[in-house]
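The values are calculated or read from the model by the stated rules, or taken from the named source; none is laboratory data. Note that the structure is a prediction, hence the values are computed from the model and not measured. Cβ coordinates were reconstructed from backbone atoms using ideal geometry, including for glycine residues, and neighbour counts include every protein chain displayed.
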Amino acid sequence: MRDGALGREYFGGETIIQQGETGDCMYVVQSGSVEVVQKVNGGEQRLAILETGDFFGEMALFEREVRSATVRALVDARILKVDKKTLLRRIKEDPLLAVNLLETMSGRIRELNAGLARAGVESE
Amino acid sequence: MRFPSQRSVADSFSSIPLDAGADLALKDGSRVAVIGGGPAGSFFSYFLLKMAEAIDLELEVDIFEPRFFTRGGPSGCNHCGGIVSESLVQILAAEGINLPTEVVQRGIESYVVHMDVGSVAIQSPAKESRIAALYRGNGPRDGSELQWESFDGYLQGMAVERGARVRHKLVTGVDWTDGKPVLIENDGHASAYDLVTVSAGVNSNFIGMLKDSPAGVAPPKTTRTYICEFKVGREGVHEIMGNAMHVFLLSIPRLEFAALIPKGEFVTMVMLGDELDQELVHAFLDDPTVRRCFPTDEKPVVCSCSPLINMGATKRPYGDRIVMIGDSGVTRLYKDGIGASYRTAKAAAATAVYQGISADTFEEHYWPACKAISSDNAIGKVIFGVTTLFKHSKISRRAILRMTSLEQEQEKAPHMSSVLWNMFTGSAPYKEIFTSTLHPGFIGSLVWNLAHGMRPSGGNGKVA
């Protein structure tokens, strides 16, 4: 890890969050890349690959459900943890901060809708 | 270099119409001047342009910054210890601002507290590096050949990417024409603006020009600090300091706080105190506890400065078409000045874009952000007052050391560790720190360790 590196280093293949676990923070990729996978019918389906600047685990900030997917490092990656308390305290002071998160979450819903639409067309 | 007298500039504010505040707002093509291109000015410009773009508002933003942050030494530096707090690192990441490794000189993952009775390392609660030690400018005099990026330069680059223009000019005067501020540059060039944002810190001559202004804008109270850079070498820094910031709780008269911060091949020393002078600096460096941790005999000082810091909120950091942010307005007591710059800059930008630019609008929408910081500082003063009392009692110092050491070694509930961590890192509001000292677990453990500290053999500390 370089002197100026922030966050924690994960080796390629190392799990960062596990589907089904409880969580109280989100994560921001500082370098490297991670994959988001979900257990489906005994196997695993890759949902997304996230790169530097992308965040994940944000659903834990707004709901008390368990992690909906597993995220693991694809290659050596540096990940910064963002505490729920720190972020929500700041959002209370400055609701505009939530707009950044909403923009990304909105993009993900759009992609999900597009994926569902494609799956619907294929099944017909 | 020529500066108009304070009186003449102050007089110029008297031409502002008293009722000019009605319906003042930024419109397409409005011109905004930002005096000072440090973190507050760059954050303000960045957020102002980002928010304006979101509502299709076209603005022209000029950042006036005479310095070039690509230059090493004082001429390219904003004179600051250079720490981005744990909470700010996280919040910036959530904003999409991730500090690159070229900017961060070292990621800090623990604090070592040194006292005459021993030392103890407090690990980051998250067990990862979330505090950034960096250079505001391009590093000390002797480091000009090194490849790194200045924090202030990085933020300025973000503002420029958003569309801000940097003018490397000195503003030497302010005049008012038709209720609009007109900035006069050192070459005599004058330009009218719709809004002037003052982010010149407290070390600039510009802030002095606003003294006794009839517009009611006044500079904050200040005190002097001392910052110097020791050239230790990369291996030396790693060996002596590790990835830890070293802070000192010493019973030296007039010394409030001192810290050593590892950065690349240098160690930055920051001191805060009452009437800080060379005598106090030498008393600190010659203290046996400091010499045990960091003997400075053969470590050359390559850069030093005694900048002022903000010690009290500006009473009215706004007027019609003018707003003061960062150190020029309100900042946090002793800690997290960059965090306060971010908070005040964003609050001022949001007010200017979404609400308006009159004094009344700033009072309604911007002042609450300043007041929250200011009110928290009042609690901070109590906390630092109590810390000073503890610092001057050997029994208390033993109790702090023992309590913290046991928490760190045995992974007990981190009562004292959490208080010290949040106090030194500036990561939590002072109110939260104060509240945590009222926890029965904290009080019980402190009383127990105070009793233990009264025993002659009690409190043999070590670096945990």
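Here are some notes:
- Scanning segment B:238-293 for residues that are among the basic types (Lys, Arg) and over 30 Å from residue B:102 (Cα atoms) gives B:254, B:291, B:292.
- Note on segment B:321-346: residues that are part of a helix (DSSP H, G or I) and either of a type in the set (S, T, N, Q) or free of Cβ contacts under 8 Å to residues at least 60 places away in the same chain (or both) total 5.
- Candidates B:107, B:137 - the one that is of a type outside the set (Lys, Arg), modelled with pLDDT under 85 and closer than 22 Å to residue B:80 by Cβ: B:137
- Applying the set (1) at pLDDT 75 or above; (2) not in a loop (DSSP other than H, G, I, E, B) to residue B:187 leaves exactly one unmet item: (2).
- Residues being under 18 Å from residue B:35 (Cβ atoms) and within 22 Å of the chain's Cα centre (by Cα) - total across segment B:348-368: 3
- Options B:86, B:185; residue that is in contact with a strand residue (DSSP E or B) (Cβ under 8 Å, 6 or more places away or on another chain) and under 20 Å from residue A:78 (Cα atoms): B:86
- Scanning segment A:40-83 for residues that are within 13 Å of chain B (Cβ to nearest Cβ), assigned to a loop (DSSP other than H, G, I, E, B) and charged (D, E, K, R) yields a count of 3.
- When we screen B:256, B:275, B:298 for residues that are farther than 30 Å from residue B:344 by Cα, of a type in the set (D, E, K, R) and surrounded by fewer than 18 Cβ atoms within 10 Å (Cβ to Cβ), the only hit is B:298.
- Subset of segment B:100-130 [in contact with a helix residue (DSSP H, G or I) (Cβ under 6 Å, 6 or more places away or on another chain) and facing chain A (nearest Cβ under 8 Å)]: B:103, B:130
- For residue A:92: the one exception among (1) within 14 Å of another protein chain (Cβ to nearest Cβ); (2) part of a loop (DSSP other than H, G, I, E, B); (3) loosely packed, with under 11 Cβ neighbours inside 10 Å: (2)
- Counted as qualifying within segment B:67-134 are the strands (runs of 3 or more DSSP E) with 2 or more residues that are surrounded by fewer than 24 Cβ atoms within 10 Å (Cβ to Cβ) and of a type in the set (S, T, N, Q), namely B:118-123.
- Filtered residue count, segment B:422-434, keeping only those that are in a helix (DSSP H, G or I) and within 13 Å of another protein chain (Cβ to nearest Cβ): 4
- Residues considered: B:336, B:360. Of these, the only one that is away from chain A (no Cβ under 13 Å) and of a type in the set (Asp, Glu) is B:360.
- Segment B:218-238, subset in contact with a Gly (Cβ under 9 Å, 6 or more places away or on another chain) and more than 21 Å from residue B:280 (Cα to Cα), residue modelled with the lowest pLDDT: B:219
- Within segment B:245-268, residues that are at positive phi sit with their Cβ atoms under 9 Å from residues that are part of a strand (DSSP E or B) and of a type in the set (S, T, N, Q), at 6+ positions apart or across chains, in these pairs: B:264/B:105.
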